[in-house]
Amino acid sequence: MTFNPQIPSWGKDFSENYINELLSYHSWLSTTGIKTGLISPKNNQFIWDEFIVHSLYFYKIVNDLNILSQNIFDLGTGGGIPGIPFGIVSDQEITLVDIKQKRIFELERLISVQKLSNITAIKEDAEILIKNNDHTIFLMRCYIPHSSLVNLLEKNIENNKQNTFIVSSNADTVNNLEDMFHVKQEKFLINNDEYRYIDVITVK
Ligand SMILES: C[S@@+](CC[C@H](N)C(=O)[O-])C[C@H]1O[C@@H](n2cnc3c(N)ncnc32)[C@H](O)[C@@H]1O
């Protein structure tokens, strides 16, 4: 099925040189990704707009904040979303994290075939990484429901860590975090007329 591998204007300057690599990843997601259950069956345009373009905005946020040198973990990565597109358009070291070994095996095969030398995949519990790391960036796209996010972030406060969490969200989910955290909400276009939100959360 044909689709339009569009990039909204906010992403053109850092993505255009990597369009072939992004298309290869798209092709893998729409075949192996669906066959092995890493993503549920979706059409090609949806996979491009919702998974690849959405992931690129995680990179834009980190790049704009000028914090690219910190460790970056993609928690609950599933099929490598958002960590793989992020790693394709940057030379930043990224660690993809998932609790399911089968997902890690598939991601390791992809990393090897596409020669994504700045990306690593590990089987680990996200909670352990949050507990043990400091001055680290944690990307989370559709990893846990917002109701569980507060508990997870509280662990970070208990352990006195200065981490940054970049989390996909809905427009109305920010308020119950704002007592304890700095939350900046980014609204962005994924295609011609649909918007999505990502929250940038740091401890106060
Ligand atoms: C809904 S999927 C989201 C995948 C991907 N980030 C995306 O946006 O499509 C959630 C993923 O989190 C993983 N996961 C669940 N609990 C986890 C944990 N405690 N630590 C690490 N990964 C976990 C699951 O195996 C699954 O792959």
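The values are calculated or read from the model by the stated rules, or taken from the named source; none is laboratory data. In this text, all values refer to a predicted model and were calculated from it rather than measured experimentally. Cβ atoms come from the backbone with ideal geometry, glycine included; neighbour counts cover every protein chain shown.
Quick grid of which residues meet (1) among the polar types (S, T, N, Q); (2) more than 23 Å from S15 (Cα to Cα); (3) touching a helix residue (DSSP H, G or I) at 6+ places or on another chain (Cβ under 7 Å):
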{"site": "G37", "(1), (2), (3)": "no, yes, no"}
{"site": "N44", "(1), (2), (3)": "yes, no, yes"}
{"site": "W48", "(1), (2), (3)": "no, no, yes"}
{"site": "N71", "(1), (2), (3)": "yes, no, no"}
{"site": "P82", "(1), (2), (3)": "no, no, yes"}
{"site": "I99", "(1), (2), (3)": "no, yes, no"}
{"site": "A126", "(1), (2), (3)": "no, yes, no"}
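Conditions: (1) assigned to a helix (DSSP H, G or I); (2) within 9 Å of the ligand (Cβ to nearest atom); (3) surrounded by fewer than 20 Cβ atoms within 10 Å (Cβ to Cβ). I144 meets all but one. Number of the miss?
For I144, the exception is condition (1).
Within the set of pairs 6+ apart or on separate chains, which have a first residue in region 140-165 that is in contact (Cβ under 8 Å) with a residue 40 or more places away in the chain, a second that is of a type in the set (D, E) and away from the ligand (no atom under 14 Å from the Cβ), and C-beta atoms under 8 Å apart?
K161/D134; Q162/D134; N163/D134
Just for region 103-121: of the residues that are of a type in the set (D, E, K, R) and within 15 Å of the ligand (Cβ to nearest atom), which one is nearest to Q92 (Cα to Cα)?
This residue is E108.
Restricting attention to region 122-141, and to residues there that are among the β-branched types (V, I, T) and more than 11 Å from the ligand (Cβ to nearest atom), which single residue is farthest from Y59 (Cα to Cα)?
Only one residue tops the list, namely T136.
Does region 66-95 hold any residues that are within 9 Å of the ligand (Cβ to nearest atom) and among the hydrophobic types (A, V, I, L, M, F, W, C), and which are they?
Result: L75, I81.
Identify the residue in region 76-103 that is part of a helix (DSSP H, G or I) and in contact with a Ser or Thr (Cβ under 9 Å, 6 or more places away or on another chain) and, among all such residues, is nearest to L149 (Cα to Cα).
It comes out as G83.
Using the structure shown, decide if I81 is surrounded by fewer than 19 Cβ atoms within 10 Å (Cβ to Cβ), aliphatic (A, V, I, L, M) and at pLDDT 95 or above.
Spelling it out, it is not the case that I81 is surrounded by fewer than 19 Cβ atoms within 10 Å (Cβ to Cβ), aliphatic (A, V, I, L, M) and at pLDDT 95 or above.
For the condition in contact (Cβ under 8 Å) with a residue 60 or more places away in the chain, more than 20 Å from Y197 (Cβ to Cβ), of a type in the set (A, V, I, L, M, F, W, C) and assigned to a helix (DSSP H, G or I), what is the one hit in L38, L23, L110?
Result of the check over L38, L23, L110: L110.
Residue by residue, here is whether (1) farther than 23 Å from L68 by Cβ; (2) exposed (fewer than 12 other Cβ atoms within 10 Å of the Cβ) holds:
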position: Q101; (1), (2): yes, yes
position: F105; (1), (2): yes, no
position: Q114; (1), (2): no, no
position: M180; (1), (2): yes, no
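Kindly indicate whether any position in region 9-18 is free of Cβ contacts under 8 Å to residues at least 60 places away in the same chain, touching a helix residue (DSSP H, G or I) at 6+ places or on another chain (Cβ under 6 Å) and not in a helix (DSSP H, G or I).
no
I'm trying to understand the selection: among the residues of region 62-75, which are surrounded by fewer than 20 Cβ atoms within 10 Å (Cβ to Cβ) and of a type outside the set (A, V, I, L, M, F, W, C)?
Result: N63, D64, N66, S69, Q70, N71.
Only one of I81, I72, I94, I88 is touching a residue at least 60 places away in the same chain (Cβ under 8 Å) and closer than 25 Å to Q162 by Cβ. Can you tell me which?
I72
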